[in-house]
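Asks: Could you have a look at this structure, given as structure tokens, before my questions?
Any read-out appearing in this document is the output of simple, stated calculations on the displayed coordinates, not a laboratory observation. Values in this document were obtained by computation on a predicted structure and should not be read as measured data. Neighbour counts are summed over all protein chains in view; Cβ atoms, including those assigned to glycine, are modelled from backbone coordinates with ideal geometry.
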Amino acid sequence: MVRVKICGITSAADARFCVEAGADALGFNFVEKSPRFVTPAQARAIIAGLPPFVTPVGIFWDHPSGHVKAIAEECGLGALQFHGEESPEEVAQHRLPVIKTIKVEGPGAIERIGRHAAAAYLLDSPARWSEGEARAPISWDVARAATAAGHRVILSAGLTPDNVAAAVRAAGPYAVDVASGVEARPGVKDADKVRRFLAAAKGA
């Protein structure tokens, strides 16, 4: 069964109903200009209330390694997700599992997968982030090809409760990742969308 990460968690209430709906992981965005930014103190308070076996993932974008390590320790993160131009050497410095984002703009994206010592690769849109508008999905064929090549793929970008089942069937990913597709507004999750997304993804 596909795993599901709900990204852009900003409140304990949102975290609670995402977990109750069946989320396997929750994403906490430490990118300062993101509409889903949380401070380490805010994230730490939310993460402290999570049950066992739900992974808190920290999202970073070209932050210094020391900064990443300090936040990971302060908040009790279980994994790190890098969205910038982090080098393989920078990624290799971290003891926590790393998810490396690959921006998919064409078939050439597959050539960039595997360059980092990452536990998984998140295939995302080249757009920086969503301010609440709908995002176009990436090519699910690229995701399927990456999976077929032996990579652990997390499919992102443009996923919603209405298309995630088709995406899972088409791409066969290890996991799917969603933020704006289950929101009422940036940084605030919609409980009904979250429940429908989880049910569709895990039932695909």
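Asks: Around GLU183, which amide H atoms from residues at least 5 apart in sequence, or from another chain, sit under 5 Å from its own amide H, with H modelled in the peptide plane?
Replies: Amide H neighbours of GLU183: ASP190.
Asks: Hey, another quick one. Please rank LYS189, LYS103, fewest neighbouring Cβ atoms within 10 Å first, as an exposure proxy.
Replies: LYS103, LYS189
Asks: Would you order GLU85, GLU74, GLU183 from fewest to most other beta-carbon atoms within 10 Å of each residue's own beta-carbon?
Replies: GLU85, GLU74, GLU183
Asks: Read through the labelled values (i) 41, 40, 30; (ii) 80, 35, 26; (iii) 72, 44, 36 and report the label of the one computed as Cα extents along the principal axes in Å from the structure.
Replies: Working out Cα extents along the principal axes in Å from the coordinates points to (i).
Asks: Dipole of region 13-85, Cα-centred, from +1 at each Lys and Arg C-beta and -1 at each Asp and Glu C-beta, to the nearest 20 debye?
Replies: Its charge dipole is roughly 120 debye.
Asks: Looking at the chain as a GNM with Cα springs under 10 Å, which of ALA134, ALA179, ALA25 has the largest mean-square fluctuation?
Replies: Between ALA134, ALA179, ALA25, it is ALA134 that shows the largest mean-square fluctuation.
Asks: What ranking of PHE28, PHE60 emerges when the number of other C-beta atoms within 10 Å of each C-beta is taken as an exposure proxy, fewest first?
Replies: PHE60, PHE28
Asks: Using a Cα-Cα cut-off of under 21 Å, which lysines could be cross-linked to LYS189, ignoring same-chain neighbours fewer than 8 residues away?
Replies: Qualifying lysines at Cα under 21 Å: LYS5, LYS33, LYS202.
Asks: Just how large is the dipole of region 3-203 about the Cα centre, in debye to the nearest 20, putting +1 at every Lys and Arg Cβ and -1 at every Asp and Glu Cβ?
Replies: Magnitude of the dipole: close to 440 debye.
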